[in-house]
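Okay, so here's the structure we're looking at.
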Amino acid sequence: MEEHGYSGLPVVPYIRVSRVGGRDKTDGYISPKEQQKAIDRYAEYENVELHAPIIEENVSGGSLEGRSGFEQAMTMVDRGTAGGVISLRLNRIARNIRDAIDIADRLDKKNARLISVSEKIDLGTGTGRFQFYVFAALAQLELEQITEQWKVSVGQAVEKGIHISAAVPFGYLKGEDRRLYPDPEAAPSVKEIFKRRAKSPPESWAAISAWLWEQGVKTGRGNEGFSRSALQAIVTNRAYLGEAHYVGKGKRGKEPVFDLVNPKAHKPLVSATVFERAQPNGETAERNGTLTDQTLLRGILTCEFCGHRLVLLGSTDRATGERMANYHCARDHADGKCSQPVAIQARRIDPVVEELFLDRLSAYSKKPRAMRVTNTALLVKAEAKLAEEEAGLASWLAQDFIGIPQKLVEKQKAERLARFSAAEEALKIERDRAQVGAEIEKGDLVERWPELGREERNRILRAAIDRVVITDAGGKRGRGAPPPEKRIKSIAWATGIVG
């Protein structure tokens, strides 16, 4: 060893194996135990002292990035506690020429050695360094050939509808042909998860998790309870659309090199429309319902000056420290800013509108049945509109979008989803109105009203009232502010409910 000027310190045995799907055989797989035996035999014959081996499994040699074990070995060299690195083959250390040059320079600066048992490479000579670079180039070529072979194999598997991942999506079973088939026990739960998230507004993750718990549904691993992240992973997994999908990564493991999709690999559990409606869309953590529980007129009040629905915000009562619910115009809207945004306390306006509704309901109930208005035409129209928007959205999603700018695709997608949501909300309102109309026909709603919960009363009010237009307070506050009934500019009652 001294003839090369090496330090004589023990060298670090570095052992690496790649276990990526079916690549073991094509990658010249040699087990860690076999690699260790070969290194030990070489060290004994050449009288090389060894450190404890560093072993990395399931790690690709295509890049140095993410190989913490190899970096640990090089750090030992940098700190002067190791005299170099030894491996069975060069391709265990580097599989591209750029990394090989960087490794050689780093070892050379520390007068450390690199030993490849199979290729018998010694960096202490010019010939050895030349051999090192040649073998690194050959290793890179071999890796590229393996990658190409892997791409072809994966492409054939995806084309056949084979599910490549070892993890089977919850709601499916993997058959002997390695394709996915709906699990008769779990598939209904998956459909229900998507259905609840596709509603407008979507049901909370916590509520869905609680429902699954009550139903005794267990995760794919047999655990009780679905976390928020587990549910999000389900609703974002395109396997439920019937797709077999594989993305090949680049050398850094980040940029996609190839993206293979079979849109009809297996039976879907949800439609494209439901899948798109269920997506999280960057939502933030869910809020508790404390403020919501204080209000009756959610989705009913509108601003006089811009026509937009008022949103719910909270404030703190200075005297009591109590949290209060307030209706506010958001001011900044997609179609511009509101010139004079309004706001009003829920505890002031809610009782006023509620009393107006009950008075109107009482008078309406006393009308002869022949004078009451029924309007099933609006329900039929709303159903037809939703079917039209759903068909249009599904047809649009089926396009390949080749050559269309991504920003334009996202804009069109947002517009179509907005139209679909509006049609869905309109149908929901008409169905609620039909149901509320039937309840009113019973003639006892006024008497039962005090017994109803806040959510039920809100549902009935939203069915009975199209909108309540709120004007501003004229810059006055406190005792000088106008009473809430004076803040009501107009009320549009729904046809067929109470007049």
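The values are calculated or read from the model by the stated rules, or taken from the named source; none is laboratory data. Here the structure is a predicted model, which means the values were calculated and not measured. Cβ sites come from the backbone with ideal geometry, for glycine too, and all protein chains shown count toward neighbours.
A few remarks follow.
So that you can scan it fast, the table gives a plain yes or no per residue for (1) under 30 Å from Thr273 (Cα atoms); (2) charged (D, E, K, R); (3) outside the structural domain of Gly299 (by TED's automatic domain parsing):
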site: Ala418; (1), (2), (3): yes, no, no
site: Asp432; (1), (2), (3): yes, yes, no
site: Glu441; (1), (2), (3): no, yes, no
site: Val469; (1), (2), (3): no, no, no
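- Contact map, the stretch 471-486: residues that are modelled with pLDDT of 80 or more paired with residues that are β-branched (Val, Ile, Thr) and in a helix (DSSP H, G or I), Cβ distance under 9 Å, separation 6+ or inter-chain. Pairs shown: Pro483/Val352; Pro484/Ile349; Pro484/Val352; Pro484/Val353; Glu485/Ile349; Glu485/Val352.
- Taking residues in the stretch 226-255 that are over 23 Å from Gly216 (Cβ atoms) and among the small types (Gly, Ala, Ser), and partners anywhere that are at pLDDT 90 or above and surrounded by fewer than 20 Cβ atoms within 10 Å (Cβ to Cβ), the pairs with Cβ atoms closer than 8 Å and at least 6 places apart or on different chains are Gly242/Lys267; Gly242/Pro268.
- Residue list for the stretch 151-183, restricted to those being at pLDDT below 85, more than 25 Å from the chain's Cα centre (by Cα) and surrounded by fewer than 18 Cβ atoms within 10 Å (Cβ to Cβ): Lys151, Val152, Ser153, Gly155, Gln156, Glu159, Lys160
- Among residues of the stretch 454-470, those that are touching a Ser or Thr at 6+ places or on another chain (Cβ under 9 Å) and modelled with pLDDT of 85 or more, counted: 6
- If the condition is being assigned to a helix (DSSP H, G or I) and small (Gly, Ala, Ser), then the stretch 449-474 contributes Ala463, Ala464.
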